[in-house]
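Trainee: I am attaching a structure below and will ask some questions about it afterwards.
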Amino acid sequence: MKKAEILSIDTVLVQCEGNIVSDMDGEKVMLSIQQGKYFNLGQVGGDIWSIISTPRSVKEIIESLQQIYEIDADICEQDVIPFLQSLLKEDLIRVADAG
């Protein structure tokens, strides 16, 4: 069993490969081929997914969402980190390799 990753503001994340993502009425839904499971990312989750198509730090993700939604950084961080933690737990995203 792998150890749960604790995310910090500087953790750099990226999408895992092998997921099929589709847009349904403005919300992103994903099929994990590896797991054979569907995930509904919702609108904000879909935006997060788009942001991490290339490696991004948690801080960069929060800053991007602040620009899109004009939300307070602290509130954004409180909502985003648990979401990222759940994506990590489901092996949908991973911590990017340094360098």
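Values quoted throughout were computed directly from the atomic coordinates according to the rules given, and no laboratory measurement underlies them. Quick caveat: nothing in here was measured; it's all calculated off a predicted structure. Quick reminder, even Gly has a Cβ in these numbers, built from the backbone with ideal geometry, and neighbours come from all protein chains shown.
Trainee: In the Gaussian network model of the chain, springs joining C-alpha atoms below 10 Å, which of 43, 66, 34 carries the largest mean-square fluctuation?
Mentor: Its mean-square fluctuation being the largest, the pick is 34.
Trainee: Then there is this: Work from the charge dipole of segment 8-99 (Cβ charges, +1 for Lys and Arg, -1 for Asp and Glu, about the Cα centre) and give the residue of 21, 83, 58 farthest towards its positive end.
Mentor: 21
Trainee: Under the rule of -39500 (n - 2.57) per DSSP H run of 4 or more residues, summed and divided by the residues of the chain, what mean residue ellipticity at 222 nm is obtained, to the nearest 500 deg cm²/dmol?
Mentor: That comes out to -12500 deg cm²/dmol.
Trainee: Could I ask something else about it? What is the local net charge at residue 62, summed over the other residues whose Cβ is closer than 11 Å to its Cβ (Lys, Arg +1; Asp, Glu -1)?
Mentor: Once all neighbours under 11 Å are counted, the net charge is -4.
Trainee: Next up: Between 89, 37, 59, which gets the highest mean-square fluctuation from a Gaussian network model of the chain, Cα cutoff 10 Å?
Mentor: 37
Trainee: If you only keep lysine pairs separated by 8 or more in sequence, or across chains, how many in the chain come under 20 Å at the Cα atoms?
Mentor: So the count of such lysine pairs works out to 7.
Trainee: Identify the GluC sites (Glu not before Pro) of segment 42-96 meeting these criteria: DSSP loop state and at most 16 other C-beta atoms within 10 Å of the C-beta.
Mentor: Here the sparse-neighbourhood loop sites are 70, 90.
Trainee: Would you mind checking the radius of gyration and Dmax of the chain based on alpha-carbon positions, in Å?
Mentor: Final numbers for Rg and Dmax: 13.0, 39 Å.
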